[in-house]
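Following: one structure in structure tokens, then a few remarks.
The values are calculated or read from the model by the stated rules, or taken from the named source; none is laboratory data. Small disclaimer: the values here were computed from a predicted structure and weren't measured. FYI the Cβ positions are ideal-geometry reconstructions off the backbone, even for glycines, and counts take in every protein chain you see.
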Amino acid sequence: MSVINKMLQDLEQRQQPQVTASNRQYPPQPGRGSKTVYIWLVLLLVFIMLSVLWFSQRAQPQAVFADSNGKVTAATSEQVKVNIEQSLLTDSAEPATIMAALTVEPARVAEPTSNTELTEMAETAEPAAIKQLATQPVSALTEQVAIVSVAEPEVSAVLNSQAIVDKQPLSAEAEQHNMLLRANASEAAGDTSGAIVIWQQIVARQPAEAIGYLNLARLWLKQQQIVSASQVLLQARQNGVLSAEINMQLAQLAVRQGQWQQALEFLPDQFELAAEPEYFGFKATVLQQVQQHDEALQWYQRLQQLQPEQGRWSLGAALASEQLGQPQQAHQYYQHAWLHRQALSVSSHNFIQQRLKATEP
């Protein structure tokens, strides 16, 4: 037994250093319970940080404006800058002035769609602009906000008025002038039919003006259409157009057909002699042809007094006087016509010389 005990003691002595060495190499590890505590502490800290961030975002106020109708409108980036500047002002600013600046109707721009966009706009505002706004008084800022809100309607009004001016059609006078140019251009190009069509349109637009009828009659006569020309001129008289030239053209067309009495009917005494001397001179000639020499002489005498330098009136008066059996008076009118013969033809000169000898007392 003693031998066995001794062997056991020797074996224990040999194993004791190994156990001591193993204890020194491997320190004791914490248990699983301590690791779980650390994990919960980390999660708790993360939750606290997220909660603080969420509450800080929710705590930022949203800048809104109220227009004149009481409708609340989200602030734009420019308005957020104004609100930031106002928050930097001193406490001595008047509350009424600040409220007036906030209640100014904003400029019409695109509205943010969420609170997050407003927050990002406020956070990204330029520091330099904020400092510049902070150095200005509240009254100046109020004027700037008012200018922003008023400028756009003024620009819109100018653009609208410009659009109205651009879309405005030509006036009746300008359109009439363009049609006259087209008619003249067509006639100059030899397109008489095209010019007639344009003049017909002008007459339809202005039935009380004589110019359209006169040019239509002239163009019809250019094409040897006497009947069409007469119809146009008669239409003018039916429409109440008062024109000495239209009456003269009707009378001349009647004379071309040998209808002197009808020509006289187209020459009423409804115009002033001083304004229409040619009209009444032609009337006196028609009166001579229908054997009404007395009336013809009266018109020639009046015309001679009005235009004594015109030898043709004196020549007409001399002829009428001879027809009335007054050779001495006729001789005087022939002498006057000879003195003012410059505008007369050579044949008239010869005729006057012959009649001067024939009527000489």
| task | Check the stretch 299-317 and report whether any residue there is within 15 Å of TRP260 (Cβ to Cβ), of a type in the set (Gly, Ala, Ser), buried (at least 18 other Cβ atoms within 10 Å of the Cβ) and not assigned by TED's automatic domain parsing to the domain that holds GLN252. | result | no
| message | Among the residues of the stretch 187-199, what is the count of those that are surrounded by 16 or more Cβ atoms within 10 Å (Cβ to Cβ) and either among the β-branched types (Val, Ile, Thr) or more than 30 Å from the chain's Cα centre (by Cα) (or both)? | response | 4
| query | With respect to the numbered conditions (1) among the aromatic types (Phe, Trp, Tyr); (2) more than 28 Å from LEU221 (Cβ to Cβ); (3) surrounded by fewer than 20 Cβ atoms within 10 Å (Cβ to Cβ), which one is the sole condition not fulfilled by TYR334? | reply | (3)
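One line per residue, one yes/no per condition, for (1) modelled with pLDDT of 95 or more; (2) under 19 Å from GLU278 (Cα atoms); (3) touching a Gly at 6+ places or on another chain (Cβ under 8 Å):
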site: LEU297; (1), (2), (3): yes, yes, no
site: LEU303; (1), (2), (3): yes, yes, yes
site: LEU315; (1), (2), (3): yes, yes, no
site: GLN332; (1), (2), (3): yes, no, no
site: GLN342; (1), (2), (3): no, yes, yes
site: GLN354; (1), (2), (3): yes, no, no
| query | Does GLN270 qualify as being at pLDDT below 95 and under 58 Å from the mean Cα position of the chain (by Cα)? | reply | yes
| said: Cβ contacts < 8 Å: first residue surrounded by fewer than 14 Cβ atoms within 10 Å (Cβ to Cβ), restricted to the stretch 258-276; second residue among the hydrophobic types (A, V, I, L, M, F, W, C) and part of a loop (DSSP other than H, G, I, E, B), any location; separation 6+ or different chain. Result? | reply: GLN261/VAL290; GLN270/LEU242
| First in the stretch 343-361 and assigned by TED's automatic domain parsing to the domain that holds GLU309 and under 20 Å from GLU309 (Cβ atoms), second anywhere and among the aliphatic types (A, V, I, L, M) and modelled with pLDDT of 95 or more, Cβ under 7 Å, 6 or more apart | SER348/LEU315; ILE352/LEU315; ILE352/ALA337
